[in-house]
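Here is the structure we will look at, set down as structure tokens.
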Amino acid sequence: MSDIRHHRSERIKPDCARAQRAIYRIADLRALTSAECGRGSVRGLCPAVVPRLRDEGGCTLLEQVIVIGIIAILLVLVGPAFTTLTSGTDVSSAIYGVKGVLENARAYAKANHTYVFVGFAEVDSSVDPSVSPQVTTGDRPYGRVAMAVVAAKDGTAQYEYATTDQGNDWKANYANGAHLIAVGKLQIYENLHFVPLDFGSWTPTAHPDSKMARYQPTGPPYILSNALSKSVTPFTWPLGSPLDSGYQYLFDRVINFDPTGIARIATPTNGDAIAHVIEIDFQPAHGTVFQPLPADFNQDVGSHAVIQLGTTSGAVRVYRP
């Protein structure tokens with residue numbers, strides 16, 4: 001029996017010794033009085049304790065230089081990826097912004113039993129947005145897409161479809177936009193290009209597994225970025241300026257909604273026709289620079305986007321690779 005007690009006590013003694021040593025170490029770090037520390041205490045620590053803490057947790061100058069060098073290398077590597085991510089974000093923000101404006105414009109036309117006109121213009125992004133007029137001609141009308149919505153005050157279209165000289169009555173009645181009222185604010189989307197982009201055919205039959213597969217408009221006037229889509233119902237922004245001067249933006253790519261919600265693009269050649277869809281094609285730009293697309297480019301690759309508007313249903317669909 002005594003042997004058992006002897007072995008048990010042998011096992012306990014080392015544990016007790018370790019516990020006592022731990023208590024002594026903790027006691028070494030006890031809070032000292034101000035008299036013991038003197039005036040050199042920092043944030044309640046005795047100067048005698050501070051050097052020990054510095055020795056245990058400090059780092060050398062060489063280690064700091066190495067860390068700074070690693071951070072610099074990572075910044076160089078992440079830069080291009082961040083630029084690509086920003087471009088993708090710009091396009092996403094723009095297309096869903098345009099989608100929302102089209103849906104709200106149609107709802108406004110139906111709720112107020114009037115005609116609503118949604119204008120688009122691409123301008124030179126190297127020119128400050130506050131400059132009047134914004135540049136829409138020349139070699140570089142790229143990189144900034146502006147969008148505005150106006151409605152007829154009296155509920156009429158202010159023009160009649162005609163087989164010849166269509167739109168002359170609109171211009172004659174324009175009166176610096178006196179018959180129009182602004183619906184919402186001017187929308188501006190940077191780093192975006194849509195003129196004169198025109199994506200080729202990409203039918204569901206030919207591309208059954210593609211996210212870009214869609215039935216497209218029957219003719220160029222209903223692809224908003226096409227040169228033949230120039231509208232005979234242009235308007236200026238801000239309202240109150242004539243069609244030939246004194247404006248900041250001239251919107252000559254215009255989708256209009258009638259009081260029943262049907263969408264049209266009134267051009268000099270398309271009469272009163274109603275297409276099954278209207279399409280707007282976008283691609284990202286970097287300022288005034290964008291990548292020209294070959295005629296047969298693969299639409300399943302890239303960061304471009306398509307917005308399709310159902311002319312009678314009002315459904316707005318977004319297609320992206």
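The values are calculated or read from the model by the stated rules, or taken from the named source; none is laboratory data. In this text, all values refer to a predicted model and were calculated from it rather than measured experimentally. We place every Cβ from the backbone using ideal geometry, glycine too, and count neighbours over all the protein chains shown. Just so you know, the surface numbers come from the protein's heavy atoms only, side chains and all, with ligands and any DNA or RNA stripped out. Shrake-Rupley method; radii C 1.70, N 1.55, O 1.52, S 1.80 Å.
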Lys153 paired with Ile274, simple spin-label distance in nm, labels 7 Å along Cα-to-beta-carbon: 3.0
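Roughly speaking, what is the stretch gain from Ala206 to Arg317, that is 0.36 nm per residue apart minus the C-alpha to C-alpha distance, in nm to one decimal? Walk me through the numbers before you get to the answer.
Numbers: separation 111, 0.36 × 111 = 39.96 nm, distance 1.98 nm.
Here the answer is 38.0 nm.
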Segment Thr137-Asp296, extension gain: residue separation times 0.36 nm, minus the distance between their alpha carbons: 54.5 nm
Sequence-distant lysines (8 or more away, or on other chains) whose Cα lies within less than 23 Å of Lys171: Lys153, Lys230
Modelled label reach - Asn176, point 7 Å along Cα→Cβ, segment 136-155 residues with backbone N closer than 18 Å: 153
Computed lengthening from Thr164 to Asp244, 0.36 nm per intervening residue step minus Cα-Cα distance: 26.6 nm
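How charged is the neighbourhood of Ile262? Take every other residue with its Cβ under 12 Å from the Cβ of Ile262, and add Lys/Arg as +1 and Asp/Glu as -1. Working shown, then result.
On the way: positive: Arg106, Lys110, Arg264; negative: Asp258, Asp272.
Local net charge: +1.
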Segment 241-307 versus segment 114-148: alpha-carbon centroid distance in Å: 12
Nearest-10 value in Å² for the accessible area of Glu190, using the 1.4 Å probe: 70
Sum of side-chain charges, Ser231 neighbourhood, beta-carbon under 11 Å (Lys, Arg +1; Asp, Glu -1): +2
